[in-house]
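Q: The structure's right below; bear with me while I get my questions together.
The values are calculated or read from the model by the stated rules, or taken from the named source; none is laboratory data. All values reported here derive from a predicted model rather than from experimental measurement. Here the Cβ positions follow ideal geometry from the backbone for every residue, glycine too, while neighbour counts run over all protein chains shown. For accessibility, only protein heavy atoms count, side chains too; no ligands or nucleic acids. Shrake-Rupley method; radii C 1.70, N 1.55, O 1.52, S 1.80 Å.
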Amino acid sequence: MSKLGLIEQGAVAIDSVQGTIVFAGPVSALPRDQLAPSCRLVDASGKVVMPGFVDSHTHLVFAGTRADEFYRRARGETYQEIARGGGGIIKTVQATRQATEDELYASAVGRLWQLYSNGTTAVESKSGYGLERDTELKCLRVNRRLAQDSPGLVFSTLMAAHVVPPEYTERRGAYLELVRDLTGEVTALGVADFHDVFVDPLAFTVDEAAQISSQGRWAGLRLKLHADEFGDDGTAAWGVAENALSIDHLAGIGDGGIAAMAAGESVATLLPATMFFSRTGMFAPARRMIDAGCPVALATDLNPGSSLVYSMPFVMSLAVLHMGMSAEECICASTINAAYALDAAGQIGSLEAGKRADVIVVDVPDYEEIAYHVGADLIRDSIIAGKFVKRDGRMVPANSNI
Ligand SMILES: [Zn+2]
């Protein structure tokens, strides 16, 4: 994670029709004779050119706002007090159930473009604010519409196993049955790429997750997990044994979990913005995890309750300040490792010939400065699949050709 393959005096050649990279390397090796006469040059002298950020963990599709809770928590009210008054996740669930598919799509597109503005070029988006069949399917259809209409890749994850909704509190088994049925249905409909379970004392047990996982395996959906968020439940080690694609949060992961993740294939996706936004003061032990050999990714966890954060550079700043990660590790965790967390490392996450041309130009002379300018908009250009989405610091229409 500390080796970026940095090329000084580099060049990237893009086929803007195919939307792919045809060359990435030193300027001196650029095959100029193969470039079309109409080829346009983008001067990035003195800037950093790098793969666009891959945000591999978001809850992009939701309705309503929880701005009031943001201030109430800051004044000392607890999550439990807010939840008792009808706030918390259930407030978002009610608003999301009431919203039409078009309303959900419109608000999600706005957020997606906010992510693009911050240099993100590929996104994962979970359901999980429906907690009933129709609304979960509605949110997953929105994910597919986003994937179809937006320039960047949008991966869709079924997360009906977010929490048990209040109407099923006394009938957990019935809700698990609903989740299992939905897992098969979303596969038949082709609206999900992955499925995800929140394993937590307030959500689902490992035994319940195992039932959901086996249904997902039968349906052909790779597993992602919200695990060991606040304490060591042993979920990380279990997730590695289940061959989870990624295991996320992990602020409470213990030595056993770290050893299992270092030896396994699952990507550890850390979400420091959640811990920052929700003021827990607890961050995943990234330093110990990376030193032990765990593959670590970073993501925003964009959601209305605990992380309304759109910027991967800001997440990188938090990863440096609160988790001791280096500039190189932050970049690796936000690009290629995040692509692995989406089973898409063959397509995105690095600048290599044959990959999608998801490229950003960052207005700093050295990559070490990206996390250092906390909260600044440093993204000068963003190119997604060979087309400008942002140019000279301004957003441009998605169909504007390079
Ligand atoms: Zn999450």
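Q: Determine ³J(HN,Hα), in whole Hz, for all residues of the range 218-230 in sequence, where each value follows from phi through the Karplus function 6.51 cos²θ - 1.76 cosθ + 1.60 and θ = phi - 60°; x replaces Gly and Pro.
A: 4, 7, x, 9, 6, 8, 10, 9, 9, 9, 6, 5, 10
Q: Once you keep just the Cα pairs under 8 angstrom separated by 6 or more residues, what percentage relative contact order results for the chain? Before the final figure, lay out each step's value.
A: Working: 854 pairs, mean separation 84.4, N = 402.
That works out to 21 percent.
Q: In the range 211-345, what % of DSSP beta bridges are antiparallel (nearest 5)?
A: Values: 1 of 11 bridges.
Antiparallel bridges make up about 10 percent of those DSSP assigns within the range 211-345.
Q: Follow-up question, since we're still on this one. State in Å² the accessible area per residue of the chain; use a 1.4 Å probe, count heavy atoms of protein chains only, and round to the nearest integer.
A: 41
Q: Here is a follow-up. DSSP beta bridges in the chain, what fraction antiparallel, as a percent rounded to 5? Show your work: numbers first, answer last.
A: Details: 22 of 49 bridges.
Around 45 percent of the beta bridges assigned by DSSP in the chain are antiparallel ones.
Q: Filter Lys47/Lys138; Lys3/Lys224; Lys3/Lys47; Lys3/Lys355; Lys91/Lys390; Lys91/Lys224 down to the pairs with a C-alpha to C-alpha distance above 30 Å, please.
A: Checking Cα-Cα distances, Lys47/Lys138; Lys91/Lys390 exceed 30 Å.
Q: Oh, and also: Classify the range 1-77 from the C-alpha gyration tensor, please: rounded if a/c falls under 1.5, else prolate or oblate depending on whether a/b exceeds b/c. Walk me through the intermediate numbers first.
A: On the way: a/c = 3.63, a/b = 2.46, b/c = 1.47.
Taking the square roots of the gyration eigenvalues as a ≥ b ≥ c, the range 1-77 is prolate.
Q: A further question on this structure: How charged is the neighbourhood of Leu4? Take every other residue with its Cβ under 12 Å from the Cβ of Leu4, and add Lys/Arg as +1 and Asp/Glu as -1. Could you put the intermediate results ahead of the total?
A: Details: positive: Lys3; negative: Glu8, Glu328, Glu329, Asp366, Glu368.
With Lys, Arg at +1 and Asp, Glu at -1, the neighbours total -4.
Q: Based on the mean of other beta carbon atoms within 10 Å per residue, what is the order of 301-308, 35-42, most packed first?
A: Numbers: 301-308: 23.5, 35-42: 9.9.
Highest-to-lowest ranking by the protection proxy: 301-308, 35-42.
Q: Taking the Cβ of Thr274 as the center, what net charge do the other residues with Cβ under 9 Å away carry, scoring Lys and Arg +1 and Asp and Glu -1?
A: That sum, taken over residues with Cβ under 9 Å, equals -2.
Q: Can you quote the Å³ per residue value for the convex hull of the Cα atoms in the range 290-364, rounded to an integer?
A: About 125 Å³ per residue, rounded to a whole number.
Q: Still on this structure, I have one more. Quantify, in whole percent, the carbon and sulfur part of the accessible surface of the chain (1.4 Å probe; protein heavy atoms only). If you can, show how the numbers build up before the last one.
A: Numbers: 8440 of 16490 Å².
C and S fraction of accessible area: 51 percent.
Q: Here's a follow-up. Determine, for each peptide in 218-230, 12-24, the mean count of other beta carbons within 10 angstrom over its residues, then list the peptides with the highest first.
A: For the peptides 218-230, 12-24, the packing ranking is 218-230, 12-24.
Q: Sum -39500 (n - 2.57) across every DSSP H segment of at least 4 residues in the chain, then divide by the residue count to get the 222 nm mean residue ellipticity, nearest 500.
A: Details: 15 runs with 148 residues, N = 402.
Taking each H run of at least 4 residues, the total per residue is -11000 deg cm²/dmol.
Q: Per 5 Å bin, what percent of the C-alpha pairs of the range 206-320 does each bin hold, from zero upward?
A: Taking all Cα pairs of the range 206-320, the binned fractions are 2, 13, 23, 23, 18, 14, 6, 1 percent.
Q: While we're on this one: May I ask for the Rg/Rh ratio of the range 40-182, computed from Cα atoms with Rh as the Kirkwood radius, given to two decimals?
A: Numbers: Rg = 18.0 Å, Rh = 16.9 Å.
My calculation of the ratio gives 1.07.
Q: Right, another one. If we count every other residue with Cβ under 11 angstrom of Gly119's Cβ, Lys/Arg +1 and Asp/Glu -1, where does the sum land?
A: Its environment carries a net charge of -3.
Q: Determine Rg/Rh for the chain; Rg is computed over alpha-carbon atoms and Rh is the Kirkwood hydrodynamic estimate from the same atoms.
A: 0.97
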